[in-house]
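The values are calculated or read from the model by the stated rules, or taken from the named source; none is laboratory data. What you are looking at is a predicted structure, and each value in this text was computed from that prediction instead of being measured. Quick reminder, even Gly has a Cβ in these numbers, built from the backbone with ideal geometry, and neighbours come from all protein chains shown.
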Amino acid sequence: MTTISGHLDSVASAAAKSRLPAVVLSKRLQLTFLYSADFIVIAIALFIAVVTRGLLPFPGQPDTEQIMRTTGPLIAVAWLVMLRVFSADALRHLRAGVTEYKRVIMASSAMAATVGITCYLLKFDFPRAAFVLMFAFGTLGLLAARWSRRKVMGAIHSRGALTTPLLVAGDSGHVDAIAKVLRRESWLGYRVIGAITSDRVRYTPAGLPVLGALTNTVEVIEEHEASAVIFAEGSFASPAEFRRMAWQLEEHDIQMIVVPAITDTSAQRLEVRPVAGLPLVDVERPQALASLRWIKRTADAIGAALLLLAAAPVMALVALAIKLEDGGPVLFKQTRVGRKGELFECLKFRSMAMDAEERLAELQHLNEAAGPLFKMTDDPRITRVGRFIRRFSIDELPQFWNALVGDMSLVGPRPALPDEVARYDFDARRRLDARPGLTGLWQVSGRSDLSWEDSVRLDIYYVDNWSVVQDLMILAKTARAVLLPSGAY
């Protein structure tokens, strides 16, 4: 890890000393990596297809080595061209990995279909084992290359190198909200240098310098050498103004980004339909009710039962350790609020002293969390065993039983205490429209390090945009969050 960090620091230092604009250098670096990686991955895939062809014993295989020597170079060139045709090298998708991965899969599938159809029409006997292995390993390798590029560039951006200087235009309040997100998500590579607003102020409420008015957007961009501009709400009074701004920026190499009024809505719920020249956005209804369907409940019951069986040895050892430490009860039962405000007994391994509830009042002034939550990094009520099992979230293993009987789900907003729910505002109560979960979106996005507002926003996003795929992704990320327990206390 130290070696990788050193290499990234070297790249960042070299970028800072370069005379080329950071945006140009970033594009060149990424395209060079992509083109080189694509060529190497496809070449390796062709080689693997020949070497490992015996793994798939299709009957009546022709001379694989001879055929691959003849057709391999042609397939490699055609595959590279197909990636370009499907814009799998478009850097604009760097910050939207799903789109980039989808284009790679589409290009590789189209290439496989082209080879298959061509061989069928020409009655050419292409080795089937090599065909399957070539496209299987090749597609996975191309996806891995793009994933690696995203991780490397994210690390470089986080160190302040190869960033894109950006202006944010719109009302001061909206400008500050966008700037806050971009500063927090520094891996995106956007460096906010100032605001453009019609408000007669020198600084926005958050202290961002106002560099000009909306009527002088192009002049401000040229003066400060910005490479991108984000237009937030309040930027345009009419569609005609937006159209004229697009015309003005057309002659400049400026990335134009528009933040719509629709926020915290997944792309899967949006569909753009041009009607009479108007780009209407059809928004599918929120998915809170869909999250209660039988498919999720069935998956919860089966998953919880299997996890209970797998975790039984660990749970037995933890129970013994807790009992030996102070002789108190092994399990801690706490009343929590479930779906639609229903109360249930949430189970956990006891990680605190037996008089923890009585000592809470004297520690309230040391609360480190915003909102109704209580969080304390060095809580004196936590036992020695409790500190260990909390660090790796082992204390929550008994909640598999809650998921099995239907009080909770494997994935969902965390169950809150009744007094916390009593202080919820209207938006926060939206969390109660889904079953609480053992893990959730905010747990894999920073856990206790997130602010109360960010935690609520992520939980509401999960409830409104629930999908099976999102649940699977959260479960996959949970293992990483547990093994690298930043923010768990």
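Data table
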{"item": "Criterion: β-branched (Val, Ile, Thr), in contact with a Pro (Cβ under 8 Å, 6 or more places away or on another chain) and in a helix (DSSP H, G or I) - qualifying residue of VAL456, VAL463", "result": "VAL463"}
{"item": "Residues located in the stretch 147-182, provided they are part of a strand (DSSP E or B) and either touching a Gly at 6+ places or on another chain (Cβ under 7 Å) or without any contact (Cβ under 8 Å) to a residue 60 or more places away in the chain (or both)", "result": "THR164, LEU167"}
{"item": "Filter result for LEU142 (assigned to a loop (DSSP other than H, G, I, E, B) and either in the same structural domain as GLU453 (by TED's automatic domain parsing) or buried (at least 21 other Cβ atoms within 10 Å of the Cβ) (or both))", "result": "no"}
{"item": "Single match in ALA43, ALA90, ALA76 (criterion: among the small types (Gly, Ala, Ser), at pLDDT 75 or above and under 19 Å from GLY154 (Cα atoms))", "result": "ALA90"}
{"item": "Of all residues in the stretch 197-215 being hydrophobic (A, V, I, L, M, F, W, C) and in a loop (DSSP other than H, G, I, E, B), the one that is nearest to LEU249 (Cα to Cα)", "result": "ALA213"}
{"item": "Neighbours by Cβ (under 6 Å, 6+ apart or cross-chain): first from the stretch 237-256, without any contact (Cβ under 8 Å) to a residue 40 or more places away in the chain and part of a helix (DSSP H, G or I); second surrounded by 11 or more Cβ atoms within 10 Å (Cβ to Cβ) and not hydroxyl-bearing (Ser, Thr, Tyr)", "result": "PHE242/PHE236; GLN248/VAL218; LEU249/MET256"}
{"item": "Checking PRO313 against (1) exposed (fewer than 14 other Cβ atoms within 10 Å of the Cβ); (2) of a type outside the set (A, V, I, L, M); (3) within 19 Å of VAL411 (Cα to Cα); (4) modelled with pLDDT of 90 or more, the condition it does not meet", "result": "(3)"}
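Every residue, every condition in (1) in contact with a Lys or Arg (Cβ under 6 Å, 6 or more places away or on another chain); (2) at pLDDT below 90; (3) surrounded by 19 or more Cβ atoms within 10 Å (Cβ to Cβ), yes or no:
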residue: GLU345; (1), (2), (3): yes, no, no
residue: ALA353; (1), (2), (3): yes, yes, no
residue: GLU358; (1), (2), (3): no, yes, no
residue: GLU362; (1), (2), (3): no, yes, no
residue: HIS365; (1), (2), (3): no, yes, no
residue: ALA370; (1), (2), (3): no, yes, no
residue: PHE374; (1), (2), (3): no, yes, no
residue: PRO380; (1), (2), (3): no, yes, no
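To keep it simple, each residue is scored yes or no on (1) under 21 Å from the mean Cα position of the chain (by Cα); (2) outside the structural domain of ILE105 (by TED's automatic domain parsing).
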| residue | (1), (2) |
| --- | --- |
| ARG149 | yes, no |
| GLY173 | no, yes |
| ALA179 | yes, yes |
| LEU188 | yes, yes |
